[in-house]
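Shown next, in structure tokens, is the structure this report addresses.
The values are calculated or read from the model by the stated rules, or taken from the named source; none is laboratory data. Computed from a prediction, not measured in an experiment: that's the story for all the values here. Reconstructed Cβ throughout: ideal geometry from the backbone, glycine too, with neighbour counts over all protein chains shown. For accessibility, only protein heavy atoms count, side chains too; no ligands or nucleic acids. Shrake-Rupley method; radii C 1.70, N 1.55, O 1.52, S 1.80 Å.
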Amino acid sequence: MSPRNLFVFSLIAIISVYLYVFGQEKTIELIKEEYLFILALFPITLTFFYFKMKVKGKELIDFNKNNSFSLKNTIIFFLIFQVVDYISEDGFLGMISMWFLYWIMGLIALLIMETINYYRNYKLNHIEQNE
């Protein structure tokens, strides 16, 4: 499954759990609390699309192929954070209230990795054109 689909499905799952456990008002409040991270997505996304357009139609090299995480490692990493959050955030409700933050951070990390890949391809294509 592609990371894009995983992010869409996980956002739907997070929002569904939030609405069930916290209700609509608290869900909106939890999402609003992460406004700085949400705002950080805008310049990162703009940069991502800028370099994606610059290399459109060119042959791309996947510079990130050696930096991939397996689903198993990601789940283990997530579970470790859940245990830490359960202890430090006063139980189950505090633990799940962090899920949206993790989702945003994961999206930021994915966008940055993809942007770097497009940038490196852009630089490679730009150097080849100048030779």
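Restricting attention to the range 1-29, report how many residues are among the basic types (K, R) and surrounded by fewer than 14 Cβ atoms within 10 Å (Cβ to Cβ).
So the count comes out to 1.
Which of the residues spanning the range 92-112 are open to solvent by less than 70 Å² (accessible area, probe 1.4 Å) and either more than 21 Å from I15 (Cβ to Cβ) or touching a residue at least 40 places away in the same chain (Cβ under 8 Å) (or both)? Talk me through it step by step, then tell me what you get.
Filtering the range 92-112 for residues open to solvent by less than 70 Å² (accessible area, probe 1.4 Å) gives 94-104, 106-111.
Of everything in the range 92-112, those that are open to solvent by less than 70 Å² (accessible area, probe 1.4 Å) and either more than 21 Å from I15 (Cβ to Cβ) or touching a residue at least 40 places away in the same chain (Cβ under 8 Å) (or both) turn out to be I96, S97, W99, F100, L101, W103, I104, G106, L107, I108, L110, L111.
Would you mention how many residues in the range 86-116 are among the hydrophobic types (A, V, I, L, M, F, W, C), more than 17 Å from K32 (Cβ to Cβ) and touching a Ser or Thr at 6+ places or on another chain (Cβ under 7 Å)?
Adding up the residues that qualify gives 1.
Here is a list of conditions, (1) farther than 27 Å from Y122 by Cα; (2) surrounded by 15 or more Cβ atoms within 10 Å (Cβ to Cβ); (3) of a type in the set (A, V, I, L, M), and A40 meets all of them except one; can you say which number that is?
Here A40 clears every test but (1).
Listed residues K58, K32, K65; which is open to solvent by 70 Å² or more (accessible area, probe 1.4 Å), touching a residue at least 24 places away in the same chain (Cβ under 8 Å) and not aromatic (F, W, Y)?
On the way: K32 fails: touching a residue at least 24 places away in the same chain (Cβ under 8 Å); K65 fails: touching a residue at least 24 places away in the same chain (Cβ under 8 Å).
Exactly one of K58, K32, K65 is open to solvent by 70 Å² or more (accessible area, probe 1.4 Å), touching a residue at least 24 places away in the same chain (Cβ under 8 Å) and not aromatic (F, W, Y), namely K58.
What tally of residues in the range 43-53 results from selecting those that are exposed (fewer than 15 other Cβ atoms within 10 Å of the Cβ) and touching a residue at least 40 places away in the same chain (Cβ under 8 Å)?
The total comes to 1.
Quick check on the range 2-25. Is at least one of its residues in contact (Cβ under 8 Å) with a residue 12 or more places away in the chain and within 16 Å of I112 (Cβ to Cβ)?
Yes, the range 2-25 has at least one match.
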